[in-house]
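A.B. asks: One structure follows; several queries about it will come next.
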Amino acid sequence: MPCGSSYKAVGNETKFPYIAELPASMRGLDVALSRRIIQFHKTRHVQPRHGRTILKEGQFYYRWCFPDLQIAHEFIEQFGGSLYEPNHAATQRDAADRGEYREVAGVVAEKVRPYNLGHSSSFTVK
């Protein structure tokens, strides 16, 4: 079973913040359970969104990402597992870093202005 992250899985966890972690064996989820999970999503008209597969304390977990808390709780009620609670301090730090990046990007954008030489675009700095 792969462990780690992909850009898509990390993106799902970012865009769909209500994450259910479901314990899985080394072989992954069995076919019957997978079909029940897909049916769960279909009946609620929610696209299945996978998060990362993680290894925590010797146990593999599959993450399923949901757009709202109620659906995540329904998933956990039906299939077990737990709600993943991200480290709020890290989340706040990341948000602060993004704000600082936007501030720096705004200063750079004010200083650099494009001008046209006819056939190519170039930039000038104030």
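A.B. asks: For I54 and Q78, calculate 0.36 nm times their separation in residues minus their Cα-Cα distance, and state this gained length in nm to one decimal.
C.D. replies: Stretched fully, the I54-Q78 segment lengthens by 6.5 nm.
A.B. asks: L33 label point, 7 Å along Cα→Cβ, cut-off 12 Å on backbone N: hits in region 52-77?
C.D. replies: 60-63
Quick note: the coordinates plus some simple rules give every number you see, no bench work behind them. These numbers were taken from a predicted model, which means no experiment stands behind them. Backbone-built Cβ (ideal geometry, glycine too); neighbour counts: all protein chains shown.
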